[in-house]
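Trainee: Sharing a structure with you now.
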Amino acid sequence: MWLKLRFDDLRLIIHYVGMFIVGMGLIMVVPFLTGVLYGEYDAALDFLAGMGVVCAVGTLLVNVYTRPENVNHMHALAITAFGWLAASMAAAVPLALSANYATYLDALFDALSGLTTSGLTVVVDLDHMANAHNMWRHLTHLIGGQGIIVAALSLAVGLRGGAFSLYLAEGRDERILPNVLHTVRFIWYVTAVYVVLGTVALFGVMLYLGMDPSRGILHAFWIAVAAYDTGGFGPQSLNAMYYHSFLFEAVSVFLMVAGTLNFNLHAHVWKGNRSELWRNLEVRVLAFNILALSVLTAIGLSATRAFNGPFAAVRKGAYHILSAHTGTGHQTIFSSQWLTDFGGPAFVAVLIAMAAGGAVSSTAGGIKALRLGLIGRSVIQQVKEALAPKSAFMRARYHHMGERFLTPEIGAAAATVFILYIVTYVTGALIGAAYGHDAGSALFESISATANVGLSTGITSASMPAGLKIVYIVQMWAGRLEFIAVLVLVAQLILAVRPQRGRRAA
């Protein structure tokens with residue numbers, strides 16, 4: 001039986017979505033102050049106007065329902081799906097006021113790409129973008145990497161009722177601490193530690209490269225946020241290639257790996273349980289995939305002879321496999337090189353890395369390593385059962401924050417999400433091909449959008465057709481929320497417009 005949202009349910013959902021919108025408006029004070037500090041008064045006015053519009057709209061929505069009840073699971077899914085779209089629409093307002101976006105749709109594309117930590121961009125003249133707008137783009141990574149629900153819960157802004165349902169609806173599979181509010185605050189604590197360490201290290205790199213300190217501190221902070229939150233934004237159009245530094249790549253790789261690991265794993269390691277690093281099924285799958293795909297990429301790059309010597313091939317290959325697998329999306333090559341210099345095995349390896357993704361309950365996207373490990377274990381278990389005597393009783397185990405049993409329900413849930421990702425990857429590729437792009441480029445871009453990676457062969461640009469922009473927006477949104485919340489919202493919209501069947505008179 002399908003449960004249809006009542007009018008009071010809709011008012012409740014709108015109330016909480018309004019909170020998210022107000023929150024986005026209040027955070028705009030940071031880029032506003034950045035604009036004032038750096039003398040970018042036109043840009044500062046964009047955010048002042050944006051704050052006014054966004055906070056006014058959000059306040060109206062909050063007052064739709066002044067005495068909200070506790071949030072149930074169905075509410076949580078609808079709030080999450082609708083809330084991410086609404087927050088992106090709000091975040092797009094000051095970007096649309098700048099001269100760097102041709103239309104509001106383009107600004108929305110970048111805002112949602114930032115919040116979902118995808119990193120695909122349709123910005124115009126990024127190299128001359130105001131510091132205030134660049135600050136806002138990277139702050140969307142910081143907000144979205146942890147999740148807008150996590151951000152709201154960490155501030156305890158009226159979301160105590162049904163807090164854990166909201167936490168799960170955002171694609172989080174695990175509660176790290178017994179209290180969900182303590183859990184989300186721990187997530188922000190871990191994030192703060194890595195972002196601060198990364199900013200300090202990258203600031204040193206920027207000074208070493210000869211960058212002015214006032215500019216270097218901004219670049220250091222932005223890259224630290226983008227790398228740890230596994231987003232692909234950069235302050236320059238050349239992305240990571242702009243810095244052309246092995247030190248830069250080393251620091252960014254450290255942040256990428258830290259960001260793609262499960263927050264629960266961070267908690268175990270910080271508590272002294274370091275053995276979890278090599279016993280955990282998810283970490284093992286990640287390590288094996290990265291190693292195998294890096295070797296495959298190095299072989300492919302050696303065959304094309306596009307880079308000088310084996311060290312350059314290994315360095316380029318490993319960096320981009322890590323960037324793809326963690327969902328970060330930083331690249332040190334031109335977009336056109338994906339189809340030329342990365343042709344063959346290396347190109348396939350990057351596709352697999354992007355599709356696979358990072359860890360569950362992390363800042364990364366994609367299918368997730370734990371699900372791949374569980375599906376692999378399920379297949380092995382079924383083969384063993386087929387070969388065993390009928391009287392034998394067999395139970396598969398795996399280690400993930402402790403010993404666990406692999407039940408049919410766990411395997412089925414992993415397979416369901418796997419199938420949804422694969423279907424979306426292929427569907428996006430077919431649509432891209434229908435717009436005239438070759439199959440390889442279309443598949444690459446579709447996987448990058450759905451898995452929230454941000455690497456691009458050049459399809460994603462300001463000149464891209466509006467229809468394809470909308471397709472990638474939907475893919476980034478659905479992939480970030482791992483489909484279920486989005487499907488629930490779609491189902492509720494269908495139920496809302498479907499006419500009720502009347503009962504026949506006796």
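The values are calculated or read from the model by the stated rules, or taken from the named source; none is laboratory data. The structure displayed is predicted, hence computed values, not measured ones. As a convention, Cβ positions derive from the backbone with ideal geometry for all residues, glycine included, and neighbour counts pool all protein chains shown. Accessible surface is based on the protein model in full, side chains and every heavy atom, while ligands, DNA and RNA are left aside. Shrake-Rupley method; radii C 1.70, N 1.55, O 1.52, S 1.80 Å.
Trainee: Which of the residues spanning segment 448-470 are of a type outside the set (S, T, N, Q) and within 17 Å of the chain's Cα centre (by Cα)?
Mentor: Listed by number, the residues that qualify are A449, A451, V453, G454, L455.
Trainee: Count, please, the residues in segment 271-306 that happen to be among the aromatic types (F, W, Y) and under 20 Å from L351 (Cα atoms).
Mentor: Our first condition is that a residue be among the aromatic types (F, W, Y); within segment 271-306, this holds for 278, 288.
Checking the rest, the ones that are also under 20 Å from L351 (Cα atoms) come to 288.
Residues in segment 271-306 being among the aromatic types (F, W, Y) and under 20 Å from L351 (Cα atoms): 1 in total.
Trainee: Looking only at segment 1-51, which residues are closer than 29 Å to I217 by Cβ and free of Cβ contacts under 8 Å to residues at least 60 places away in the same chain?
Mentor: L26, V29, L33, V36, L37, G39, Y41, L45, L48, A49, G50, M51
Trainee: In segment 51-83, how many residues are assigned to a helix (DSSP H, G or I) and within 21 Å of W477 (Cβ to Cβ)?
Mentor: Result for segment 51-83: 15.
Trainee: Moving on. What number of residues within segment 299-339 satisfy the criterion of being in contact (Cβ under 8 Å) with a residue 40 or more places away in the chain and of a type in the set (G, A, S)?
Mentor: From segment 299-339, those in contact (Cβ under 8 Å) with a residue 40 or more places away in the chain are 299-301, 303-304, 315, 319-320, 322-336, 338-339; that's our starting set.
After this cut, where a residue has to be of a type in the set (G, A, S) as well, the list is 300, 303, 323-324, 327, 329, 335-336.
Total satisfying the criteria: 8.
Trainee: Return only the number of the condition from (1) closer than 18 Å to G357 by Cα; (2) surrounded by 20 or more Cβ atoms within 10 Å (Cβ to Cβ); (3) under 21 Å from the mean Cα position of the chain (by Cα) that L374 does not satisfy.
Mentor: Unmet condition: (3).
Trainee: Name the residues in segment 6-39 that are in a loop (DSSP other than H, G, I, E, B) and surrounded by 19 or more Cβ atoms within 10 Å (Cβ to Cβ), would you?
Mentor: The answer is M28, and nothing else.
Trainee: Sort through V253, V314 and tell me the only one that's β-branched (V, I, T), assigned to a helix (DSSP H, G or I) and under 17 Å from A364 (Cα atoms). So that I can check it myself, show each step before the final result.
Mentor: Values: V314 fails: under 17 Å from A364 (Cα atoms).
It is V253.
Trainee: Being open to solvent by less than 50 Å² (accessible area, probe 1.4 Å) and assigned to a helix (DSSP H, G or I) is the filter here; which residues of segment 341-371 pass it?
Mentor: Once the filter is applied, which keeps residues that are open to solvent by less than 50 Å² (accessible area, probe 1.4 Å) and assigned to a helix (DSSP H, G or I), segment 341-371 yields A346, F347, A349, V350, L351, A353, M354, A355, A356, A369, L370, R371.
A quick yes/no check of all residues on (1) in contact (Cβ under 8 Å) with a residue 40 or more places away in the chain; (2) open to solvent by 30 Å² or more (accessible area, probe 1.4 Å); (3) out of contact with any Cys (no Cβ under 7 Å at 6 or more places or on another chain):
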residue	(1), (2), (3)
A91	yes, no, yes
P94	yes, no, yes
D110	no, no, yes
L120	yes, no, yes
H128	no, yes, yes
M135	yes, no, yes
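Trainee: Then there is this: Tally time: how many residues in segment 262-308 are open to solvent by less than 10 Å² (accessible area, probe 1.4 Å), more than 30 Å from W338 (Cβ to Cβ) and among the aliphatic types (A, V, I, L, M)?
Mentor: 2
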